[in-house]
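Shown next, in structure tokens, is the structure this report addresses.
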Amino acid sequence: MVNYQFISKSLFFPEQGILTIGDLHLGYEEMFRVKGYSIPKQQIIETIEDLDKIIKEIEKENKKLKKVVFMGDLKHFFSFQRSEGTDLLDIYEFLSNKISEENIILIKGNHDTFELIGRKMHDYWIEDKICFTHGNKLFPEIFGKEVKIIVMSHIHPSVTLHDSQRIKKESYKCFLVGKWNKKEVIIVPSFLRAVEGSDLISGSYDEDFFVVPEKVVNKFDVYVIGEKILNFGKLKKLISSQD
């Protein structure tokens, strides 16, 4: 059995010392500047703040951080944008006080059309029974006998919940956990603070967009991220309850 824990919007494997971070989408706010909006540069500041809080929580629990896996879509623009590389360098600089550069693993996502700052990107990374892959493409290796857990991102899972009178509603990032092809699968939320993600309750799931079929994902447990991380049960039941 492979142990893991949710820490805020990250996934941590304490025995392996591996911290898993979902889609960063560096350059998201730059997209608005390109369109002519005047907004302050906050995304990289917020990203590093959130990373710092998570790492301090790991240290507070007297656990050791050995490796960080970024789960793809590090960049937001499909084309070249200089600021994205600069932001990633800032993240490397921050992490340099925690781990060595060789222990920063970059998974390739669909937005990662080329390597940022010359660092190698992997289609998947397998270590100690855990496989990390973005989720937009399938690779035979992720179903190897040695793999017990597959970690994915890509769909930015979130849920929007409303009261019985539909007067108030709130959106929350969430983790999804379930079984697929005899493997335990964990889908992590995006790390981007600006937006919660794709609302799975609204039925906006696109099967051409993600490798795990919708009927399988609907059987996954939903772990909603709030002040605490709570199990809200199966996604399909949650969808029914919000109809």
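The values are calculated or read from the model by the stated rules, or taken from the named source; none is laboratory data. From a predicted model like this one, the values you see are computed outputs, not experimental measurements. In this analysis, Cβ positions are derived from the backbone assuming ideal geometry, glycine residues included, and neighbour counts consider all displayed protein chains. Note: accessible area is taken over every heavy atom of the protein model, side chains too, but ligands, DNA and RNA are not part of it. Shrake-Rupley method; radii C 1.70, N 1.55, O 1.52, S 1.80 Å.
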**Study point:** Pair list, Cβ < 8 Å and 6+ apart or interchain, from the range 84-101 residues that are more than 15 Å from Ile45 (Cα to Cα) to residues that are among the hydroxyl-bearing types (Ser, Thr, Tyr)
**Key:** Glu101/Tyr92
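Please tell me if Ile150 is more than 18 Å from His111 (Cβ to Cβ), outside any strand (DSSP E or B) and touching a Cys at 6+ places or on another chain (Cβ under 9 Å). So that I can check it myself, show each step before the final result.
Values: more than 18 Å from His111 (Cβ to Cβ): yes; outside any strand (DSSP E or B): no; touching a Cys at 6+ places or on another chain (Cβ under 9 Å): yes.
So Ile150 fails the test.
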Review point. Taking the condition touching a Pro at 6+ places or on another chain (Cβ under 9 Å), open to solvent by less than 60 Å² (accessible area, probe 1.4 Å) and not aliphatic (A, V, I, L, M), does Ser190 pass?
Key: yes
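On the given criteria, is Glu59 at pLDDT 95 or above and over 19 Å from Cys174 (Cα atoms)? Give the steps one after another, and end with the answer.
Numbers: at pLDDT 95 or above: yes; over 19 Å from Cys174 (Cα atoms): yes.
Yes; evaluated as a whole, the condition is true for this residue.
Tell me the residue from Glu115, Glu93 that is under 21 Å from Asp50 (Cβ atoms) and open to solvent by 40 Å² or more (accessible area, probe 1.4 Å), please. Outline the logic, then answer.
Working: Glu115 fails: under 21 Å from Asp50 (Cβ atoms).
None of the other options fit; the residue is Glu93.
Output the residues belonging to the range 225-239 that are touching a residue at least 24 places away in the same chain (Cβ under 8 Å) and either closer than 19 Å to Asn181 by Cα or loosely packed, with under 15 Cβ neighbours inside 10 Å (or both).
Kept after step one, since they are touching a residue at least 24 places away in the same chain (Cβ under 8 Å), are these residues of the range 225-239: 225-226, 229, 232, 235, 238-239.
Hits for the range 225-239 are Gly226, Leu235.
Looking for whichever is more than 24 Å from Leu176 (Cα to Cα), polar (S, T, N, Q) and either modelled with pLDDT of 85 or more or loosely packed, with under 12 Cβ neighbours inside 10 Å (or both) here; the options are Asn3, Asn103. Which one fits? Show your work before the answer.
Numbers: Asn3 fails: more than 24 Å from Leu176 (Cα to Cα).
The unique qualifying residue is Asn103.
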Review point. Within the range 150-160, can one find any residue that is out of contact with any helix residue (DSSP H, G or I) (no Cβ under 8 Å at 6 or more places or on another chain), open to solvent by 30 Å² or more (accessible area, probe 1.4 Å) and hydrophobic (A, V, I, L, M, F, W, C)?
Key: no
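Name the one entry in Val222, Val212 that is at pLDDT 95 or above, in contact with a Phe, Trp or Tyr (Cβ under 6 Å, 6 or more places away or on another chain), open to solvent by less than 50 Å² (accessible area, probe 1.4 Å) and in a loop (DSSP other than H, G, I, E, B). Please lay out each step first, then the result.
Values: Val222 fails: in a loop (DSSP other than H, G, I, E, B).
One residue alone meets the criteria, Val212.
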Review point. Just for the range 62-82: of the residues that are open to solvent by 30 Å² or more (accessible area, probe 1.4 Å) and modelled with pLDDT under 95, which one is nearest to the chain's Cα centre (by Cα)?
Key: His76
